[in-house]
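Here's the structure we're looking at; comments come further down.
The values are calculated or read from the model by the stated rules, or taken from the named source; none is laboratory data. What you are looking at is a predicted structure, and each value in this text was computed from that prediction instead of being measured. FYI the Cβ positions are ideal-geometry reconstructions off the backbone, even for glycines, and counts take in every protein chain you see. Quick note on the areas: whole protein, heavy atoms, side chains included, nothing else; ligands and nucleic acids left out. Shrake-Rupley method; radii C 1.70, N 1.55, O 1.52, S 1.80 Å.
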Amino acid sequence: MAQHESKPCPRCKRSFECKVGNITECQCSQVTLTYEERVYVENKYQDCLCAQCLQSLQFEYRLYRNRIFRF
């Protein structure tokens, strides 16, 4: 049986439905992260995040990475 739970996003505090028991239908599967982006997120947060925050952190990482490699 699939596990679903409503939980607050640790970053923005908005409630979202986490489908850890069926990850392909979870809202987080809408965001495709590279390995480096995933490590960046995992170093900041230990729990699931809403898709909007994942997208924001992905953008943040890309800005940071581009700034580092530009010089």
- Query: Out of region 59-71, which residues are assigned to a helix (DSSP H, G or I) and either open to solvent by 50 Å² or more (accessible area, probe 1.4 Å) or acidic (Asp, Glu) (or both)?
  - Reply: Phe59, Glu60, Arg62, Leu63, Tyr64, Arg65, Asn66, Arg67, Ile68, Phe69, Arg70
- If a residue has to be assigned to a strand (DSSP E or B) and modelled with pLDDT under 95 to count, how many in region 1-50 make the cut? 6
- Do you know which residues across region 1-51 are among the β-branched types (Val, Ile, Thr) and touching a His at 6+ places or on another chain (Cβ under 9 Å)? Val20
- Item | Flag for Ser56 being small (Gly, Ala, Ser), modelled with pLDDT under 95, out of contact with any Phe, Trp or Tyr (no Cβ under 9 Å at 6 or more places or on another chain) and assigned to a helix (DSSP H, G or I) | no
- Query: Being among the charged types (D, E, K, R), open to solvent by 100 Å² or more (accessible area, probe 1.4 Å) and more than 22 Å from Tyr61 (Cα to Cα), is that true of even one residue in region 29-49?
  - Reply: no
